[in-house]
Amino acid sequence: MMKRIVTATCVASLLALLLISGNPTIKVRAQKNRYRVVPQPENFVPGRVLVGFRDNVLPDQARNVIAAVGARDNGEIAGLRVHVIDLPEEADEKGFAEALAHRPEIEFAEVDRLLQPEEIAPNDPWYVDQWHLKKIGAPAAWATTTGSSTVVIAILDTGVDSTHPDLAAKMVPGWNIYNNNSDTRDVGGHGTAVAGTAAASSNNANGVASVAWQSSIMPIRVTDSSGYAAFSALASGLQWAADHGARVANLSFNASDSATVRSAAQYFQNKGGVVAVASGNQATFNSAADNPYVLTVGATDPNDLLASFSNTGNNVDLTAPGTNIRTTATGGSYVSTAGTSLSTPIVAGVAALVLSANPGLTPTEVQNILKQSADDLGGSGWDTSFGWGRVNAARAVALAGGVPADNTPPALDISSPTSGAVVSGVVSVSVNATDNVGVTSVSLSVDGSTLGADAASPYAFAWNTANAANGSHTLTATASDGAGNATSSSVTVVVSNNVAVDSTAPSVVITSPNAGSTVSTNVTVSANATDNVAVVKNELYVDGVLTSTASAAPFTNKWNTRKAKTGAHVLQCKAYDAAGNFGWSQSVSVNK
């Protein structure tokens with residue numbers, strides 16, 4: 001294919017440099033909105049170049065230079081003499097910038113590169129084995145915050161080993177609810193593992209890393225020596241932690257459906273705190289209603305599949321890694337373990353990061369941020385297995401950046417084709433989508449099967465109807481924003497392509513009941529129906545009267561004989577194909 005020169009008005013010295021890029025994998029579009037950023041594989045804003053003019057260049061001269069190369073001035077960054085220019089369709093950004101940089105009026109020109117925060121990799125020796133921290137995007141989150149010592153995480157558990165080298169510097173005074181004293185030593189080891197997962201000292205060349213490095217740990221012992229905790233002890237622990245300044249509480253117990261714990265969690269939330277609770281490890285479904293005052297957490301594995309032991313249910317809010325979690329153990333050692341008990345402090349740690357990034361957030365806002373920023377692993381939106389998805393620390397911290405959580409879904413409609421339209425061949429599907437912040441993607445499905453996705457406006461898709469049967473089909477567009485909000489809109493169209501006329505009628509045979517048999521109240525009439533294309537419907541007639549219809553194979557029809565007279569009755573089936581052809585079965589006489 002011949003490469004097209006960007007504009008005929010370019011000066012001769014630019015012609016060789018301003019050729020269209022031949023890379024077929026990069027989708028380039030001129031930006032209609034100056035502040036719309038659509039990340040691409042090249043990692044810069046497509047269709048845009050930043051140009052800095054020399055001090056002696058007047059504004060009109062600058063605009064003339066931009067117009068001469070066929071670009072559009074999209075405004076000047078105030079006080080910097082840097083112009084944001086939109087390039088012609090399909091122009092090569094790097095080539096355009098290089099060519100402009102050689103002009104005498106221009107001091108510099110560069111692509112508008114997209115940058116992400118530099119990830120932090122701690123030097124703890126076990127960090128290389130802590131897959132869960134990378135899975136939740138913790139290294140990117142740490143570039144913004146590693147937690148704050150003023151954000152205290154209360155660990156309601158078997159106690160915590162406060163002498164552990166990865167925990168000792170993190171401890172604040174706690175309480176022993178079980179014995180009603182200040183002795184919070186770990187009597188079972190469970191609490192030390194939980195505490196290290198949430199907030200072990202990190203980047204200290206020792207042991208493991210954790211989610212919230214700098215956040216403090218408040219040990220609250222709520223169990224007996226065997227590790228069992230009563231609802232009353234958990235509730236008392238929440239109240240004590242709330243009254244003593246904890247902003248996050250971790251309960252690695254299956255307690256979210258307790259009314260007592262719910263009441264205590266509401267008290268903790270009213271004091272400004274966020275509560276994380278384990279869904280449980282029994283691989284069962286919990287039908288209890290959601291507890292709005294806690295984040296109930298299930299477990300996932302390294303492949304983002306639900307862990308085999310993780311409970312599911314109506315109360316699940318989030319999931320987090322919960323298999324092969326390397327963490328602290330009593331006596332200054334370390335352990336690799338599993339369970340929703342470990343998933344829960346990961347979520348608690350992310351909540352602490354969010355509050356460290358923006359201490360002014362309310363508990364409800366923190367919960368919403370964690371839900372909106374999660375990686376959706378199950379069905380679209382919330383589901384009973386993954387809740388809102390697997391927690392994502394990087395996105396949660398980004399959403400927490402001092403602004404209220406975005407709860408507004410995009411608005412969209414399919415502008416073409418319109419509902420009821422008759423279409424054929426390759427159909428252009430156009431979608432309008434807007435959002436209060438920004439639409440990140442629009443996807444299109446046909447009868448529930450995904451056709452494709454588009455990340456930049458105008459949102460357009462090509463649908464080849466040759467792959468669809470003639471008849472009605474439903475097109476559904478779904479728009480998503482960066483906060484995880486989504487909206488769908490559908491239209492129904494009729495495909496009508498020229499195809500050979502089907503004039504072959506189906507054949508159908510009644511296989512049950514047998515002729516001459518005696519039937520009782522509820523009779524199942526089974527039929528074997530075939531067609532050169534497909535059978536779409538099978539009707540049952542009793543004594544010539546339509547009695548029931550089956551629309552899918554195996555074609556089984558029901559006949560309730562309660563009102564039928566005693567004696568002989570004649571059964572016959574009628575099968576249809578999509579072209580309207582039909583065939584009759586044999587007549588079968590039965591007795592009631």
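Taking only DSSP H segments of four or more residues, each worth -39500 (n - 2.57), what value at 222 nm results for the chain once the sum is divided by all its residues, to the nearest 500 deg cm²/dmol? Could the numbers behind the result be given before it?
Values: 11 runs with 104 residues, N = 592.
Mean residue ellipticity at 222 nm (helix-derived): -5000 deg cm²/dmol.
Taking the Cα centre of the chain as origin, sum charge times position over the Cβ atoms of Lys and Arg (+1) and Asp and Glu (-1), and report the length of that vector in debye to the nearest 20.
On the way: 34 positive and 46 negative charges, 240 e Å.
It comes to approximately 1160 debye.
Quote the relative contact order of the range 406-449 in percent (integer), defining contacts as alpha-carbon pairs under 8 Å separated by 6+ residues. Walk me through the intermediate numbers first.
Details: 35 pairs, mean separation 18.5, N = 44.
After rounding, I find 42 percent.
Taking a threshold of 28 Å on the Cα-Cα distance, which of the pairs LYS94/LYS371; LYS94/LYS134; LYS135/LYS271; LYS134/LYS170 fall above it?
Values: LYS94/LYS371 39 Å; LYS94/LYS134 32 Å; LYS135/LYS271 32 Å; LYS134/LYS170 23 Å.
The pairs that break the limit, which is 28 Å between Cα atoms, are LYS94/LYS371; LYS94/LYS134; LYS135/LYS271.
If you count, for each residue, the other Cβ atoms within 10 Å and average over each peptide, how do 533-543, 196-206, 310-320 line up from highest to lowest? Display every interim value, and only then the final one.
Details: 533-543: 19.1, 196-206: 23.5, 310-320: 25.4.
Per-residue mean Cβ counts within 10 Å order the peptides as 310-320, 196-206, 533-543.
Report the antiparallel proportion of the DSSP beta bridges in the chain as a percent, rounded to a multiple of 5. Kindly include the intermediate steps, with their values, before the conclusion.
Values: 90 of 120 bridges.
Taking every DSSP beta bridge within the chain, about 75 percent pair in antiparallel fashion.
Relative contact order of the range 125-399: what whole-number percent is it, with Cα pairs under 8 angstrom and at least 6 residues apart? Could you put the intermediate results ahead of the total?
Details: 761 pairs, mean separation 60.7, N = 275.
Relative contact order, the range 125-399: 22 percent.
Calculated from the structure, Cα Rg over 2.2 N^0.38 Å equals which of (1) 1.09; (2) 1.21; (3) 1.31?
Matching the structure shown: (3).
Over the chain, what is the relative contact order in whole percent, taking alpha-carbon pairs under 8 Å and six or more residues apart?
Reported relative contact order: 9 percent.
The numbers here are math on the coordinates, done by the rules we state, and not lab data. Quick caveat, the model's predicted, so the values are computed rather than measured. Cβ atoms come from the backbone with ideal geometry, glycine included; neighbour counts cover every protein chain shown.
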